[in-house]
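Undergrad: So that we are looking at the same thing, I have put the structure below in structure tokens.
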Amino acid sequence: MNDVVEAGSCCECGSCVLVCPHNVIKYVDGKPKQVAKESADFDYCGISEGVGCDVCASVCPRLWPREDHLKDAVFEDDRPYEDIFGVYRHIFVARTKRSDIMERAQDGGVVTALLAWSKANDEIDGAVVSAVGEEDDPCFPTPKVVTTDEEIRASASSWYTYCENNMALAEVKERELTRVGFVGVPCQITPLRKMGAVDPSFLVTNKKKAKPTARQRDYLKDFNDRVSFSIGLFCTEVFRPDLMTDRIAKEMNIPFTEESKFNVKGKVLIYKKDGDIATIPLEEAMRDYQRPECLHCGDFSAEMADISCGGVGTDAATIVVIRTKKGEDVWRKYEASGEVDC
């Protein structure tokens with residue numbers, strides 16, 4: 001709480017809240033907050049100071065080990081290629097052949113189409129995505145667990161406001177899903193890798209009985225164990241909501257209801273339902289509306305994901321980076337289906 005939240009580097013992924021075994025912290029106004037004892041200091045945890053825990057700190061993407069340190073645990077000696085944007089097996093450009101997905105796709109529709117194909121072919125039983133639902137404010141997605149083709153298609157495109165996807169893994173567990181595809185930006189992929197890589201033996205102490213130790217281990221490991229594969233999204237920054245509410249809606253007089261899509265291609269592009277495209281200089285958007293928390297991130301291309309995707313420099317196409325054997329296996333099957341151009 002001192003080194004991350006108070007220091008201002010908390011990315012708001014909610015992973016610490018997700019894995020807390022003892023309901024000490026909750027997600028309040030976009031940040032983790034100590035709620036177990038209102039009269040205690042904001043960083044107080046009786047369990048940690050008593051018998052020991054620190055599950056929350058173990059998964060935080062802002063604490064050691066960071067992405068560079070996780071490479072040995074994630075990739076071990078299986079690193080066909082490695083460059084400044086991480087370990088990879090293959091890099092190519094792709095586009096879905098599904099016209100119903102391309103109609104609303106951010107770039108090449110690959111992420112949405114891969115999830116839809118994976119669900120239809122029993123590779124996964126659901127997926128964690130961000131999407132604007134009927135209960136959400138327009139242009140402000142929330143975490144969703146999707147299990148149908150319609151729900152997956154509704155999650156296409158991005159809005160560049162932060163969405164705490166990791167928190168949706170609690171619903172994955174409640175619904176007893178065991179093989180989900182997880183989509184997230186780099187700071188949401190890293191916590192998953194930390195859950196998988198950390199050695200839970202640190203939880204065993206001479207102060208602690210077997211039952212709390214087992215509970216802590218379950219919360220530390222179970223959520224990641226339910227992820228079949230991860231898709232990481234390229235991300236340079238996320239914008240504060242003011243970009244949408246003040247700059248676009250008020251100053252540019254473009255109501256949310258008139259916006260169909262939002263993209264960044266050297267400048268901020270606001271696609272309107274009437275076919276017009278309004279723009280904002282990217283330098284202005286980054287200067288005035290970038291989340292300060294994003295300045296603490298050093299991972300542009302989701303280096304810890306099984307598959308990384310983005311649309312930098314492409315026109316209606318997706319750059320696909322296959323990073324792990326697991327990612328390659330699922331992609332080979334998908335590509336063989338004939339539903340994607342590579």
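The values are calculated or read from the model by the stated rules, or taken from the named source; none is laboratory data. Because the structure is predicted, anything quoted here is derived from the model rather than measured. With ideal geometry, Cβ positions are generated from the backbone for all residues, glycine too; neighbour counts draw on all protein chains shown. Areas reflect the complete protein model, heavy atoms only, side chains present, ligands, DNA and RNA absent. Shrake-Rupley method; radii C 1.70, N 1.55, O 1.52, S 1.80 Å.
Undergrad: Using only Cα positions of region 239-342, each an equal point scatterer, no hydration layer, compute I(q)/I(0) via Debye at q = 0.24 Å⁻¹ and quote the log10 values to two decimals.
TA: With one equal scatterer per Cα and no solvent, log10 I(q)/I(0) is -1.25.
Undergrad: Something else: Taking the Cα centre of region 14-155 as the origin, how large is its charge dipole in debye, to the nearest 20, when only Lys and Arg (+1) and Asp and Glu (-1) carry charge on their Cβ atoms? Present the calculation step by step, with values, prior to reporting the outcome.
TA: Working: 16 positive and 27 negative charges, 35 e Å.
Its charge dipole is roughly 160 debye.
Undergrad: If a/c stays under 1.5 just call it rounded; otherwise compare a/b with b/c (prolate if a/b is bigger, oblate if not). Do that for region 12-101, with a ≥ b ≥ c from the square roots of the Cα gyration tensor eigenvalues.
TA: Details: a/c = 3.72, a/b = 1.84, b/c = 2.02.
Judged from the Cα gyration tensor, region 12-101 comes out oblate (a/c at least 1.5, b/c at or above a/b).
Undergrad: Separate question: Classify region 299-342 as rounded, prolate or oblate from the Cα gyration tensor: take a ≥ b ≥ c as the square roots of its eigenvalues, call it rounded if a/c is under 1.5, otherwise prolate when a/b beats b/c and oblate if not.
TA: Details: a/c = 4.09, a/b = 1.11, b/c = 3.67.
Oblate.
Undergrad: Now for a different question. How much of the DSSP bridge set in the chain is antiparallel, in percent, rounded to the nearest 5?
TA: Numbers: 34 of 45 bridges.
The answer is about 75 percent antiparallel.
Undergrad: Then there is this: Mind grabbing the accessible area of LYS33 for me, 1.4 Å probe, Å², rounded to tens?
TA: For LYS33, solvent-accessible area is about 110 Å².
Undergrad: Taking every pair of alpha-carbon atoms in region 130-284, what share in percent sits in each 10 Å bin, from 0 to the bin with the longest distance?
TA: Bin by bin from 0 Å, the calculated values are 9, 32, 28, 18, 9, 4, 0.
Undergrad: A follow-up question, please. What number, in percent, do you get for the relative contact order of the chain if the mean sequence gap of Cα pairs under 8 Å and at least 6 apart is divided by its residue count? Before the final figure, lay out each step's value.
TA: Details: 622 pairs, mean separation 77.6, N = 342.
Taking the mean separation of contacting Cα pairs over the length of the chain, I get 23 percent.
Undergrad: Continuing with the same structure: Please compute P(r) over all alpha-carbon pairs of region 85-145, binned at 5 Å starting from zero, and give each bin as a whole-number percent.
TA: 4, 15, 17, 21, 23, 13, 4, 2, 0
Undergrad: What accessible area per residue comes out for region 1-69, rounded to a whole number of Å², with a 1.4 Å probe? Intermediate values should be presented prior to the final figure.
TA: Working: 3490 Å² over 69 residues.
Heavy-atom accessible area per residue stands at 51 Å².
Undergrad: Work out how much length ASP83 to ARG215 would gain on full extension: take 0.36 nm times their residue separation and subtract the Cα-Cα distance, in nm to one decimal.
TA: Working: separation 132, 0.36 × 132 = 47.52 nm, distance 3.93 nm.
Answer, rounded to one decimal: 43.6 nm.
Undergrad: In nm, to one decimal, how far is the modelled label at ALA278 from the one at THR148, with both set 7 Å along Cα→Cβ?
TA: Taking the simple label geometry, ALA278 and THR148 are separated by 3.4 nm.
Undergrad: If you don't mind, another one. Is it possible to state the helix-based mean residue ellipticity at 222 nm for the chain, with each DSSP H run of 4+ residues giving -39500 (n - 2.57), the sum divided by total residues, to the nearest 500 deg cm²/dmol? What is it?
TA: Details: 12 runs with 99 residues, N = 342.
Theoretical 222 nm ellipticity from helices: -8000 deg cm²/dmol.
Undergrad: Along Cα→Cβ, 7 Å out, is where each label goes; now give me the distance between the ones at LEU295 and ALA120 in nm to one decimal.
TA: Label-label distance for LEU295 and ALA120, simple model: 4.6 nm.
Undergrad: According to a simple spin-label model (label point 7 Å from Cα along Cα-to-Cβ), what is the distance in nm between GLU49 and MET286?
TA: Between MET286 and GLU49, the simple spin-label model gives 4.3 nm.
Undergrad: Ignoring ligands, DNA and RNA, please state the percent of accessible area on the chain from carbon and sulfur, probe 1.4 Å.
TA: Details: 7630 of 15970 Å².
Carbon and sulfur: 48 percent of the exposed surface of the chain.
Undergrad: Keeping all protein chains in place and using 1.4 angstrom, which order do TYR88, TYR334 fall into by accessible surface area, from largest down? All intermediate terms of the calculation are to be shown ahead of the outcome.
TA: Numbers: TYR88 40, TYR334 0 Å².
The residues order as TYR88, TYR334, largest area first.
Undergrad: Accessible area, 1.4 Å probe, largest first: how do MET167, MET304 sort? Intermediate results must be reported in sequence, preceding the final value.
TA: Working: MET167 55, MET304 0 Å².
If we order MET167, MET304 from most to least accessible, we get MET167, MET304.
Undergrad: Measuring from centroid to centroid over Cα atoms, what is the spacing of region 1-47 and region 66-96 in Å?
TA: 32 Å
Undergrad: Using 0.36 nm per residue, how much length does the chain from ALA7 to ASN253 gain when fully extended, once their Cα-Cα distance is taken away?
TA: Details: separation 246, 0.36 × 246 = 88.56 nm, distance 3.60 nm.
Extending this stretch completely gives an extra 85.0 nm.
Undergrad: Right, here's the next one. Would region 30-153 count as rounded, prolate or oblate if I go by the C-alpha gyration tensor, calling it rounded below 1.5 in a/c and otherwise prolate when a/b exceeds b/c, oblate otherwise?
TA: On the way: a/c = 2.62, a/b = 1.40, b/c = 1.88.
Verdict is oblate for region 30-153.
Undergrad: For q values of 0.07, 0.10 Å⁻¹, compute log₁₀ I(q)/I(0) with the Debye formula on a Cα-only model of the chain, without solvent.
TA: -0.29, -0.60
Undergrad: Over region 224-342, give the accessible area per residue in Å² for a 1.4 Å probe, as an integer. All intermediate terms of the calculation are to be shown ahead of the outcome.
TA: Working: 5320 Å² over 119 residues.
Heavy-atom accessible area per residue stands at 45 Å².
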